[in-house]
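Remarks on the structure that follows.
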Amino acid sequence: MMGKMLRFSLFGESHGKAVGVLVEGVPPGIKVDIGKMKAELERRRGIERFSTKRKEKDEPVILSGVFNGFTTGSPIAVIIENRDVDSSYYEKIKNTPRPGHSDYTAGIRYFGFNDYRGGGFFSGRLTAGMMIAGYFAKEILSKAGIGVRAYIKSIGKVKAKDLSVEEVFSSKLCPDEEAFQKMLEEMERARNEGDSVGGVVEVIAINVPPGIGGPYDEDLEGDLAKAFFAIPAVKGVEFGLGFRIAELRGSEANDPFVIKDGKIMTKTNNCGGILGGISNGMPIVARIAFKPVPSIYKPQKTVDIERMEETEIKLTGRFDSCIVPKALPVVEAMMAFVLADHLLRWLGWKGFMSLGKR
């Protein structure tokens, strides 16, 4: 279960009947636009020629928590049926764990009872539920004027230049057009070679009020990092300058406070909008590193766990050559959910502090 006041849990498997999500804590009275929800899910398809050939319509079916087009305040259950499923190949390789996948570790953790078809519960297919949870979170944030946007920061060794917040929010995939074209070329090379390539997603949240979060188990950075790491294929998370800040002196790393338009701000944003686990009112900036998709068409060494001998595996099937473009809305969804959860908690305190005041 992700979150405290606003919570969600995922269910289903990649090749099961459906995947879905249970979202709890959504306030009543939020208008639900199925078309908008489907449009968010559509973004998860990424760039078609670099994505899996598995085609799912991703039609969300709301089972509870919505009545007459509005949230009721009760738990919201939504499912998406799996229709384009072919499990025959996974029966053939069930005893030869795919390098880079969770096949081996999942088999150990669940004593061999795990659903191994298409990765089962560990599949990126489950991110559809994250997207739905993120849809409701974004609707909550919109009432506070908070916006979240992600873009492709890098693919392989090709990196976008440093961009302004305005540029990021005006773009769908990557505002640096020159770098983006080189990214497409890098993805194409990997695809043609039967290989895959990873990259980095940068995500920015604007208009987050200061005071959201807290120390230790209330840490906003900690909760965001946990949410990002829950996305399949994520191997690294950093905020603000991230690891680069370790190369600086304190005099260079600190963000001086200034007053602008009657508001307290910082001159720079090396901390990425969070101090002491609490938002400081500046844009929250994070970068998330995605590993290359482990399903590739090149031969790889593995083992036969039944015969206990080394062997080789050459995968056939429907694979992504790069998941970074389709990860953008998932990253946004997870950031939005954490921020909405913390916002609702903060508003509870704010409401209490106003009691008795006229």
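The values are calculated or read from the model by the stated rules, or taken from the named source; none is laboratory data. Please read all numbers here as calculations on a predicted model, not as lab measurements. Methodologically, a virtual Cβ is constructed for each residue, glycine included, from the backbone with ideal geometry; neighbour enumeration extends over all protein chains shown.
Key figures for this structure:
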| item | result |
| --- | --- |
| Candidate set: the range 165-187, residues that are at pLDDT below 95 and of a type in the set (S, T, N, Q); chosen: the one surrounded by the fewest Cβ atoms within 10 Å (Cβ to Cβ) | SER170 |
| Subset of the range 188-203 that is surrounded by fewer than 23 Cβ atoms within 10 Å (Cβ to Cβ) and among the aliphatic types (A, V, I, L, M) - its residue that is nearest to ILE146 (Cα to Cα) | VAL200 |
| Qualifying residue in the range 249-269 (condition: surrounded by 13 or more Cβ atoms within 10 Å (Cβ to Cβ) and closer than 26 Å to MET131 by Cβ) | no |
| Single match in ASP86, ASP58 (criterion: part of a loop (DSSP other than H, G, I, E, B), at pLDDT below 95 and touching a Gly at 6+ places or on another chain (Cβ under 9 Å)) | ASP86 |
| Selection from the range 9-26 of residues that are over 12 Å from GLY120 (Cα atoms) and among the β-branched types (Val, Ile, Thr) | VAL21, VAL23, VAL26 |
| Every residue from the range 112-164 that is aromatic (Phe, Trp, Tyr) and either modelled with pLDDT under 95 or closer than 16 Å to MET2 by Cβ (or both) | PHE113, TYR116, PHE121, PHE122, TYR135, PHE136 |
| Any hit, the range 284-306, residues being touching a Pro at 6+ places or on another chain (Cβ under 6 Å), at pLDDT 95 or above and basic (Lys, Arg) | no |
| Subset tally (residues that are touching a residue at least 40 places away in the same chain (Cβ under 8 Å) and either within 10 Å of the chain's Cα centre (by Cα) or assigned to a helix (DSSP H, G or I) (or both)) for the range 322-358 | 24 |
| Failed condition for PHE111, given (1) in contact (Cβ under 8 Å) with a residue 24 or more places away in the chain; (2) at positive phi; (3) surrounded by fewer than 19 Cβ atoms within 10 Å (Cβ to Cβ) | (1) |
| Near pairs, Cβ below 9 angstrom, 6+ apart or cross-chain, from the range 92-105 (assigned to a loop (DSSP other than H, G, I, E, B)) to any residue that is among the acidic types (Asp, Glu) and crowded, with 16+ Cβ neighbours inside 10 Å | ILE93/ASP103; LYS94/ASP103; THR96/ASP103; PRO97/ASP103 |
| Check on GLY240, touching a Leu at 6+ places or on another chain (Cβ under 7 Å), in contact (Cβ under 8 Å) with a residue 40 or more places away in the chain and within 17 Å of LEU275 (Cα to Cα) | no |
| Flag for ILE79 being assigned to a strand (DSSP E or B), among the β-branched types (Val, Ile, Thr) and in contact with a Pro (Cβ under 9 Å, 6 or more places away or on another chain) | yes |
